[in-house]
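To keep things clear, I will list the structure first and then write my remarks on it.
The values are calculated or read from the model by the stated rules, or taken from the named source; none is laboratory data. This one's a predicted model, so the numbers in the text were calculated from it and none came from an experiment. Heads up, the Cβs are rebuilt from the backbone with ideal geometry, glycines too, and the neighbour counts pull from every protein chain shown.
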Amino acid sequence: MKYSIPFMLLFSSITMAKNPLFTDVFTADPAALVHDDVVYLYTGHDEAPNNNVFFEMHDWLAFSSTDMVNWQSHGPIMRGTDFKWAKEGFAWASHMVEKDGTFYFYTTVRHKDDKPGFAIGVATSKSPTGPFKDAIGKALITDDMTTHSPNDWDDIDPAIFIEENGDTYMFFGNLVPKYVKLKDNMLELDGEIKVIDVPNYTEASWVHKKGDNYYLSYACEFPEKICYAMSKSIHGPWTYKGILNEIAGNSETNHQSIIEFKGEDYFIYHTGAIPPIDGKQSGGRFRRSVAIDPLFYNQDGSLKRVIMTTEGIQP
Ligand code: FUB
């Protein structure tokens, strides 16, 4: 079929969001924050030269959008080794929240050998795009603080939830899901670390609330799907509701972020779907890319399974 030139011009002027969202950089472990009518999207940054060995992640990236279609890159907001106690190359999953004008960045790194294993740090800034600085000069969570599972990467993937009354909780974990209350200063634990009872948990907790329902979504099994559970309280009990998102293309891991923005709900995740560009190594399990699709609720508050698309969010 032949198109007239005016039709082609009209067609090419439409900005179409596509999945994966960014094709000039590998992005993983999305964590989105809605602040002042802007969506800030924080991602890990996959820099492994191939998909054969392991993750190589040195810093975290920030992007922003006012329409979920057009995205502005703000570059790195922090390096893993800006935590002086952390090893190079393990800038894993993170979560950003804002409280009283300060942005708190909770994130995963590998601790130096004086406290071996993965750890969670917290950094702060007065701007959502940083720069961020270690807020306490030490890890908030170290491997020796939890003994529920033998693996030394069981304290990863922080996810913060702030209740309407300001009470703040950090969810985290690998193999065993855990949560702990934070003090009002957001920089200290307030009480014991508790274990959550949900099936098939692997990692990547994310907690959100809609109406009076709390939702705990998480990466389940391996290769990872995203499963979810619901509760009427942040403390549970959590009722398992099933699979929310199937295994994502070409990636054994998945990691989700769920937000509502301007009345629409979004499911943000990663895949390994970038094809080889200019003869370089393609996307894959250590070279991942963030994608976004709509999220829909059923009448009873349960979630419809996500349909992963290559079209992404339409204008
Ligand atoms: O990106 C490194 C790790 O892979 C994250 O911490 C996990 O959630 C998984 O996505």
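Let's see how each residue does on (1) within 16 Å of the ligand (Cβ to nearest atom); (2) within 21 Å of residue 162 (Cα to Cα):
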| residue | (1), (2) |
| --- | --- |
| 212 | no, yes |
| 219 | yes, no |
| 225 | yes, no |
| 228 | yes, yes |
| 260 | no, yes |
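Annotation note: Cβ proximity below 8 Å between a residue of region 268-286 that is surrounded by fewer than 22 Cβ atoms within 10 Å (Cβ to Cβ) and a residue that is not in a loop (DSSP other than H, G, I, E, B) (sequence gap 6+ or interchain) occurs for 273/289; 273/291; 281/287.
Based on this model, can you work out whether residue 195 counts as touching a His at 6+ places or on another chain (Cβ under 7 Å), within 16 Å of the ligand (Cβ to nearest atom) and of a type in the set (Val, Ile, Thr)? Considered against the rule, which asks whether it is touching a His at 6+ places or on another chain (Cβ under 7 Å), within 16 Å of the ligand (Cβ to nearest atom) and of a type in the set (Val, Ile, Thr), residue 195 comes out as no.
Mind checking which pairs have a first residue in region 147-174 that is among the aromatic types (Phe, Trp, Tyr) and a second that is within 12 Å of the ligand (Cβ to nearest atom) and part of a loop (DSSP other than H, G, I, E, B), Cβ under 7 Å, 6 or more apart or different chains? Matching pairs, first to second residue: 153/174; 172/155; 172/156; 172/157; 172/158. Residue selection: residue 123 fails the criterion of being within 16 Å of the ligand (Cβ to nearest atom) and either assigned to a strand (DSSP E or B) or in contact with a Cys (Cβ under 8 Å, 6 or more places away or on another chain) (or both). Between 243, 268, 259, 274, the distinction of being part of a strand (DSSP E or B) and touching a Pro at 6+ places or on another chain (Cβ under 6 Å) belongs to 268 only. Scoring residue 63 on the criteria (1) in a loop (DSSP other than H, G, I, E, B); (2) more than 15 Å from the ligand (Cβ to nearest atom) leaves a single failure, condition (1). Scan region 182-197 for residues that are under 18 Å from residue 142 (Cβ atoms), surrounded by 11 or more Cβ atoms within 10 Å (Cβ to Cβ) and not aliphatic (A, V, I, L, M) and the total you get is 4.
For beta carbons closer than 6 Å, sequence separation of 6+ or different chains, a first residue in region 38-64 that is at positive phi and a second that is modelled with pLDDT of 95 or more and away from the ligand (no atom under 16 Å from the Cβ), there are no qualifying pairs. Scanning region 29-60 for residues that are within 12 Å of the ligand (Cβ to nearest atom) and of a type in the set (Phe, Trp, Tyr) yields 54, 55, 60.
One line per residue, one yes/no per condition, for (1) under 18 Å from the mean Cα position of the chain (by Cα); (2) surrounded by fewer than 15 Cβ atoms within 10 Å (Cβ to Cβ); (3) among the charged types (D, E, K, R):
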position	(1), (2), (3)
111	no, no, no
120	yes, no, no
124	yes, no, no
137	no, yes, no
159	yes, no, no
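Test residue 92 against the criterion of being within 16 Å of the ligand (Cβ to nearest atom), of a type in the set (A, V, I, L, M, F, W, C) and in a loop (DSSP other than H, G, I, E, B), and give yes or no. Considered against the rule, which asks whether it is within 16 Å of the ligand (Cβ to nearest atom), of a type in the set (A, V, I, L, M, F, W, C) and in a loop (DSSP other than H, G, I, E, B), residue 92 comes out as yes.
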